[in-house]
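Presented below is the structure to which this report refers.
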Amino acid sequence: DELGRVTIMGRIDTQIKLRGFRIELGEIENLLRQHPSVNAAHVNVQRRGSDLMVAYVVINRGVPLEGGANQRLRDYLAEQLPAYMVPAHCIPLPELPLNPSGKVDRNALPRPESLVPDNAYIAPEGPTQELLARLWVDLLELDRVSADAHFFELGGHSLSAVRLTARIREH
């Protein structure tokens, strides 16, 4: 300021540190926008028991993605980025929610687990699957876990896998 004091304003870029890796979210967003099926993209981290990087995309109506947008876009990113930079989910939205200043309203973005339709949920069967599902729910701070869920796609990582292993041994 005019008195010569330094004011720390925080980061002006969107670099984060996730599981020991520095990641520039804007780099992922730009790469997603280069895909012919994507009109707009926003990447952020869902904070909970295990941080989860999630991409929200607006699909170009003229160039639809055949099959599942989530896996197609993750595969596209995996061809060009290291594994730690590929979001756990690529969630298509009709439009990105904006706040009054025109920036993406992060609080209005849906949580990934809220987007799993009830007909895609497979209930765990038997005591072993039920116990494992309960452990995953507690560890990853989820509402429920489908029997066919992928631990790492739900936000699990190597440290949480070690914690899960310890909890399994306890039981």
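Summarising the label geometry, the points placed 7 Å from Cα in the beta-carbon direction at LYS103 and THR128 lie 4.9 nm from one another. Rounded to 0.05, the FRET efficiency of the ASN30 and GLU79 pair, given R0 = 22 Å and the Cβ-Cβ distance, is 0.90.
Working from label points 7 Å from Cα in the Cα-to-Cβ sense, the GLN71 to VAL137 distance is 2.6 nm.
In plain terms, the bigger the Kirkwood radius, the slower the diffusion; for the range 120-162, with that radius from Cα pairs, at 10 °C and 1.306 mPa s, Stokes-Einstein puts D at 151 µm²/s. For ARG134, the accessible area of its heavy atoms, probed at 1.4 Å with every protein chain present, is near 140 square angstrom. Taking a sphere under 11 Å around the Cβ of ARG134 and counting the other residues whose Cβ falls inside, with K and R at +1 and D and E at -1, yields a net charge of 0.
The values are calculated or read from the model by the stated rules, or taken from the named source; none is laboratory data. The structure presented is a predicted model; accordingly, all values stated were derived computationally and were not measured. So basically every Cβ, Gly included, is an ideal-geometry build from the backbone, and we count neighbours across all protein chains shown. Calculation scope for accessible area: heavy atoms of the full protein, side chains included, ligands and nucleic acids excluded. Shrake-Rupley method; radii C 1.70, N 1.55, O 1.52, S 1.80 Å.
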